[in-house]
Every structure is written in C-alpha cells, then in structure tokens.
Amino acid sequence: EAGVAQSPRYKIIEKRQSVAFWCNPISGHATLYWYQQILGQGPKLLIQFQNNGVVDDSQLPKDRFSAERLKGVDSTLKIQPAKLEDSAVYLCASSLSLVPYNEQFFGPGTRLTVL
Amino acid sequence: AQTVTQSQPEMSVQEAETVTLSCTYDTSESDYYLFWYKQPPSRQMILVIRQEAYKQQNATENRFSVNFQKAAKSFSLKISDSQLGDAAMYFCAYWGSQGNLIFGKGTKLSVKP
C-alpha cells in the first residue's frame with residue numbers, strides 16, 4: 001500500500017513570495033490533515049478535510065494561507081505572501097475517517113525555508 | 001483548552017535497557033484518546049501506541065507499553081529492550097472533543113550502543 005505522498009520535499013523562498021505544497025493521501029482515506037511543525041515543537045493542525053469539505057480550519061492564518069481538496073482526493077496548501085515565521089515543516093496526514101481510533105498516516109513533509 | 005506537556009526535551013538510554021518517557025495533559029473531558037507517535041530523523045511520523053481513556057488496562061504493543069494514570073492525567077511510554085532503531089523524536093498527543101490531535105513538544109530519544 002502506497003503511503004502519503006508530498007511534494008516538494010524542500011523549498012526555499014524569499015519573504016513575500018508565494019509557495020504551494022501538494023499532498024496525495026492514501027487511497028480510500030476520506031480525512032486529510034495539514035500540520036505545521038516549527039523546529040523544536042510538535043505538529044500543529046492547520047486544517048482538516050473530510051472528503052472535499054473543511055471540518056476545521058480554526059488555526060489556519062486565512063489572510064495568507066489557503067488550502068483546497070478538490071474531488072476529495074489530493075490537496076494543495078498555499079502561502080501567499082510568505083513571512084519569515086512560516087519557516088517550518090509542513091506535514092500532510094490522512095486517515096480512513098474522522099474518528100480517533102483510525103490511525104493517521106503521515107507523509108514525509110515539506111521543509112520550507114523563508115529568507 | 002486541552003494541553004499536552006512533555007517535560008523531558010531529551011533522554012538517553014543504553015541499548016537493551018528500558019526507558020520511560022513522560023507526558024502529562026490537561027483536560028476537563030472524561031472521554032478522550034491518547035497517543036504516542038515516533039518521528040525518526042527522516043521525518044515520517046508513525047503511530048507507536050494508543051490508549052482509550054475509558055479503558056483501565058494499559059495498552060501494550062510488543063516492546064512498547066504505557067502507564068496511563070487518568071486521575072493524575074499522566075501518560076508515560078515505556079520502551080523495553082531499547083534498540084538503535086528506537087532513536088527518534090517521540091510525541092505525546094491528545095484527541096478529545098475538538099476532533100483532532102494536540103501534540104506535545106516532543107522528547108528526543110538517543111540510544112547508545
């Protein structure tokens with residue numbers, strides 16, 4: 001079974017530029033999560049989708065971050081414009097459904113550096 | 001709001017020995033789940049073990065076991081017979097009514113040969 005795929009693995013941009021990350025979850029997984037992991041901290045949820053609908057985006061900085069999951073499969077997370085404090089690893093995860101006993105499977109992450 | 005605290009930023013263990021990682025959490029809920037996740041240097045996070053709060057019996061997965069103390073809001077992870085491959089960041093996480101995972105800051109475990 002293929003795991004959660006993310007691209008790119010690394011990205012370096014200047015502040016005020018735009019960047020987009022892509023995630024392809026495990027086939028059949030209805031729930032998709034985007035996390036931000038700042039160095040030295042645990043992951044923090046940015047947004048979660050159930051199929052193509054948003055379940056929770058309360059911690060997403062909506063003035064600069066946006067995310068979509070068209071057709072309920074893969075997803076993109078965009079930052080526009082980027083700030084220095086956005087430097088972090090962005091993790092995508094998926095699970096069968098939105099219940100806690102369904103294991104979340106994580107992708108390898110995208111390391112973003114904003115200069 | 002729920003919080004998860006891991007008070008040990010770093011821990012070290014000798015190969016084949018046993019180590020315990022600590023985690024405390026703050027909640028007013030009675031129904032929730034607790035998890036330990038492992039994040040090796042390659043960064044792909046994997047689930048180690050989970051515990052349902054309504055279960056009194058401590059969860060066990062091979063060399064990994066937990067000590068769940070609901071009244072004390074404590075959830076420690078014990079790794080027995082430590083192996084070099086156990087070296088990683090370990091994150092404690094809480095799932096409650098908010099419907100998603102809240103992670104602690106993690107504990108970096110080193111395993112000495």
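The values are calculated or read from the model by the stated rules, or taken from the named source; none is laboratory data. Only a predicted model underlies this, so the values are computations on that prediction, with no experimental measurement involved. Every residue, glycine among them, receives a Cβ derived from its backbone with ideal geometry; neighbour counts consider all protein chains shown. Surface accessibility is based on the protein's heavy atoms, side chains included, excluding ligands, DNA and RNA. Shrake-Rupley method; radii C 1.70, N 1.55, O 1.52, S 1.80 Å.
Details
- Inter-part distance where the range B:68-104 and the range A:39-115 are each reduced to a Cα centre, Å: 22
- Expected-Rg normalisation [2.2 N^0.38 Å, Cα atoms] applied to the range A:17-57: 1.32
- Residue by residue, the range B:33-40 carries 3J(HN,Hα) couplings of 10, 10, 9, 10, 10, 10, 10, x Hz when phi is fed to the Karplus relation 6.51 cos²θ - 1.76 cosθ + 1.60 (θ = phi - 60°); x denotes Gly or Pro.
- To put it simply, the accessible area of chain B at a 1.4 Å probe is 46 percent carbon and sulfur.
- For residue A:46, the residues whose amide H sits under 5 Å from its own are A:34, A:35, A:36, ignoring neighbours fewer than 5 places away on the same chain, with H placed 1.01 Å from N.
- Each residue of the range B:108-113 is assigned a 3J(HN,Hα), and the resulting list reads 8, 9, 10, 10, 8, x Hz, derived from the Karplus form 6.51 cos²θ - 1.76 cosθ + 1.60 (θ = phi - 60°), x at Gly and Pro.
- Within the protein assembly as shown, percent of DSSP bridges classed antiparallel, to nearest 5: 90
- Close amide H pairs (under 5 Å, H built 1.01 Å from N) link residue B:110 with B:11, B:12, B:13, residues at least 5 positions away or on another chain.
- The rule of thumb for compact globular proteins, 2.2 N^0.38 Å, goes into the C-alpha radius of gyration of the protein assembly as shown 1.02 times.
- Loop GluC sites (Glu not before Pro), the range A:1-76, which have at most 16 other Cβ atoms in a 10 Å radius of their Cβ (DSSP): A:1, A:14
- Over chain A, the ratio between the Cα radius of gyration and 2.2 N^0.38 Å evaluates to 1.00.
- Karplus-derived 3J(HN,Hα), 6.51/-1.76/1.60, for each residue of the range A:39-50, Hz, glycine and proline x: 3, x, 10, x, x, 10, 5, 9, 7, 9, 10, 10
- All lysines inside 24 Å of residue A:83 as judged from Cα atoms, apart from same-chain residues fewer than 8 positions distant: A:11, A:15, A:44, A:62, B:105
- Summed over both chains, the area buried between A and B is near 1800 Å², taken from the accessible surface of protein heavy atoms with a 1.4 Å probe.
- Histogram of C-alpha separations across the range B:3-112, 10 Å bin width, %: 15, 51, 29, 6
- Residues of the range B:35-75 buried by at least 10 Å² on assembly (accessible area, 1.4 Å probe, chain alone as reference): B:35, B:37, B:39, B:42, B:43, B:44, B:45, B:47, B:50
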